[in-house]
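Remarks on the structure that follows.
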Amino acid sequence: MRRFGVELYDRWTALWNGDTGLAGEIMAPEFRLRYAQAGTETFDDVRRPGELADVIAGWHRRRPGLRFVAEGPAVVDTEGDDGTAPHGVVARPYRASFTGDDGQLVSRSGTDILRFSGGRITEVWSVSSGAGGRTFY
C-alpha cells in the first residue's frame with residue numbers, strides 16, 4: 001500500500017508539471033485544496049478536476065519552464081489491502097523552479113499532504129517556503 005501512496009504523489013507531481021489530463025484520473029469528483037502560501041487564493045474555490053487542470057495550465061502559461069520535483073522520502077499511511085480501493089494520506093516535500101522576470105532561476109520548496117479515498121485525492125494541504133523562496137530543509 002505504501003507504493004500506491006508514492007505512485008499517487010508521483011502522478012500529482014506530473015499533473016503539476018502540465019499533464020493536466022491526470023486531474024480526472026487522480027482527483028476525486030469533488031475535493032478541497034488548502035494552500036498556505038501567497039498568491040494561491042485561486043485554489044480556494046477549486047473543487048473539481050477540470051477546474052484544477054485549468055488553473056494549472058494557467059500557471060504554466062504565466063511561468064514557462066515551471067517544474068516540480070519530489071524531494072526526500074514520502075510519508076505514507078494507507079489502508080485498503082482487503083480488496084477495496086486504498087485510502088489514507090501521503091506527504092512529501094517538493095521543489096518548484098522557474099525563471100523569474102529578471103531571468104534568474106527561482107526555486108521554492110514546500111510540502112504537499114494528500115488525503116485520498118477510493119484511490120483518488122480528496123483533500124490537499126500545501127505549505128511552501130514563502131514568497132522569498134527560502135528553503136527550509
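Where in the chain is the longest stretch that carries no trypsin sites (Lys or Arg not before Pro) classed as loop by DSSP and with at most 16 other Cβ atoms within 10 Å?
Here the longest run is 48-133.
When the helix-only estimate is applied to the chain (DSSP H runs of n ≥ 4, each -39,500 (n - 2.57), divided by the residue count), what is the mean residue ellipticity at 222 nm, nearest 500 deg cm²/dmol?
Estimated from H runs of four or more residues: -7500 deg cm²/dmol.
Divide the volume of the convex hull of the Cα atoms of the chain by its number of residues and quote the answer in cubic angstrom per residue.
Here the figure is 94 Å³ per residue.
If the only charges are +1 at each Lys and Arg Cβ and -1 at each Asp and Glu Cβ, what is the size of the charge dipole of the chain around the Cα centre, to the nearest 20 debye?
In debye, rounded to 20, the chain gives about 360.
If contacts are Cα pairs under 8 angstrom and at least 6 residues apart, what is the relative contact order of the chain in percent?
Normalised by residue count, the contact order of the chain is 26 percent.
Quick one: Kirkwood hydrodynamic radius for region 62-118, alpha-carbon pairs, angstrom, one decimal?
Computed over region 62-118, the radius equals 13.4 Å.
Mind checking which of Gly110, Pro49, Tyr9 is farthest towards the positive end of the chain's charge dipole, using Cβ charges of +1 (Lys, Arg) and -1 (Asp, Glu) about the Cα centre?
Farthest along the dipole direction, towards plus: Gly110.
What does the charge dipole of region 15-83 about its Cα centre add up to, to the nearest 20 debye, if the Cβ of each Lys and Arg holds +1 and the Cβ of each Asp and Glu holds -1?
Charge dipole of region 15-83: 580 debye, to the nearest 20.
Values in this text are rule-based calculations from the coordinates and carry no lab data. It should be emphasised that the depicted structure is a prediction, and the values quoted were computed from it without experimental measurement. Neighbour counts are summed over all protein chains in view; Cβ atoms, including those assigned to glycine, are modelled from backbone coordinates with ideal geometry.
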